[in-house]
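What follows is a set of notes on a single structure, which appears directly below.
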C-alpha cells in the first residue's frame, strides 16, 4: 500500500519530557541499553559530516541544538549524559533534547523503517509518526474501548464453565448498562457466518446493545473444517450495513476475495483484517481508507510465555510479560504508517500470563504453570504487578484505533461465576472481574496510563511479598545508580556489555555516576540483578531479534 509520508521516530513527549525525565528509575537502562546496539553501535548525521558516532561519541551539534553553550558541559557521550543530568550540570529539558536527537539519528541510520516493524522500539518511550490520518471506527472519534461477548454465539468453554453450549441470554441489558458505566463504548461479538439474520438472535442482542448506548463490532467465524464462502461474507455485509449498531465487520481471514465480497455491498463499511505480530509484513491490500488491521496480541501462546514450576519463576514470568507489553505500541504505529492500516487490538488484552483456562482440556500440557494460582489471590505483589500489566496494555493498545478485552464475565461456573473479583484463572480474562478487583485503571484515566511505560516493571520478583529488615549500615546505592543487595553486602548494578577490544577505563555503555567505583565493583551483580539483566537481554532477543531476523542493521 502507498505510504502517506516518510515516518519519523522520536521521543513520545507525552510520556518522556522535561517534567517526567526526573521520575525515571534508570535513564541508561530504559533508553541506552536498548538503543546502543543498533546499527552495530554506530549512527551518522543527516546530512553526514564525515564522522560516525555512537553511544561513546556524540556529535557536538547535539549539545548546541539543546542550548548548551558552555564547552565544559557539552555532552560527549551517553555515560556523560546520565552523569551530567543526575549531577545537575544540564537541565531536564536539555537532557530530553539530546535523547530525542540521539534516537532520531539512530532510527534514520537504520535504513528503511518499512522493513522493521520494531525499528522505533524504546520500551514504549518512542513514537513513530507520519502524516496519515488516524481514523476512528466510532462517529465520535473516540478510541474503541470494547469487551468481547465470549460464549454468546461461538463456543468458549472457559467462559461457560466447560460447556460448549452457547446462548445470547448469557448477556443481559444489565450487563450492557454496567459496561457503559465502566467506560466501555463497544462490544465485540464473535458470530458464525450463518447466524446473521434480520430477526435472529444476533439482531435481538444488537437492539439491547444499542439501547445501552454501545456500538458493536461483528467478528465473523467460519464453520470448522470449512472455507468462508464469498456469498456468506456478502450476506454478512448486508446485515452489518443495515444495522445501526454495527460499526465494523471483521473478516475470518486476510483474504482479498473476502474483502471484495464486502465491497460488492458497501465501499464504506469499515472492515477489519485479522493478523498477528508474526504476520505484520505479509499484509497486502489495495488502498482503502475504510480498511483496518485487527491484531491479535496474544502473549501466552508459547512454552516460553507460560511455563513455570515454582513461585519465583511465576513472578519472573510476570516480570517478563510486563517488560514486553510497552513494546507492543511499535507494531501498531508501524502498520498505520507503513501499511496505511490503522490498528485495532481485537484479542490478547487480558491479565492472563499462562494457558490455565484450558487445563481441563485433553491436550493440555502441564509445565507447572497452574499449580500455585491460589498464592496470588492474597498477595500484594501480584496485585501490584497485575495492575501494572493492565496499565501497560491499556497504554500500548490505545495507540491504535482501539481494543477489546477478552471477556466480560464467567457464566455457569460453580467456582465463582456470580462472585466478582479474581477467584480462578479465567477471571483474569473478564473485564468485569478485573475491574471489581481494582486491577484495571479507570478507562478514561490519562495520568496513570500515560506514564505506565516511563519505567520498566519493578524487578522485585526474587523476594515477592517477603521483605528484609533494614541493613544497619546501608550504602546510598540510589545516588550511585544501583540498589542495595544484602547477599553481597554492597551495591549491585545492571550488567554492562562486554568491553570493546581496545583498553578503556570506563564501560562502553552508560553506567549512571560510575566515577569513583572500581571495575570489580561495577561488574559485581547480585543473583537478583543478574537475573534481571539476563532476562532483559533474552526478552529483547526474543521479541526483537526473533521477529526481524536480528537487531543489527547495516549502515546505508
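Annotation: of all residues in segment 71-99 being closer than 15 Å to residue 17 by Cα and surrounded by fewer than 19 Cβ atoms within 10 Å (Cβ to Cβ), the one that is farthest from the chain's Cα centre (by Cα) is 91.
Just one residue in the set 41, 87, 28 is at pLDDT below 95 and closer than 22 Å to residue 13 by Cβ; that residue is 28.
Checked against (1) over 28 Å from residue 51 (Cβ atoms); (2) at pLDDT 90 or above; (3) touching a strand residue (DSSP E or B) at 6+ places or on another chain (Cβ under 8 Å), residue 130 passes all but a single condition, namely (2). Of all residues in segment 340-375, those being buried (at least 18 other Cβ atoms within 10 Å of the Cβ) and either in a strand (DSSP E or B) or without any contact (Cβ under 8 Å) to a residue 24 or more places away in the chain (or both) number 7. Inclusion of residue 209 among residues that are in contact with a helix residue (DSSP H, G or I) (Cβ under 8 Å, 6 or more places away or on another chain) and either loosely packed, with under 12 Cβ neighbours inside 10 Å or in contact (Cβ under 8 Å) with a residue 60 or more places away in the chain (or both) is not warranted. Among residues of segment 296-310 being buried (at least 17 other Cβ atoms within 10 Å of the Cβ) and in contact (Cβ under 8 Å) with a residue 60 or more places away in the chain, the one that is nearest to the chain's Cα centre (by Cα) is 297.
The values are calculated or read from the model by the stated rules, or taken from the named source; none is laboratory data. Model, not experiment: these values are computed from the prediction. Heads up, the Cβs are rebuilt from the backbone with ideal geometry, glycines too, and the neighbour counts pull from every protein chain shown.
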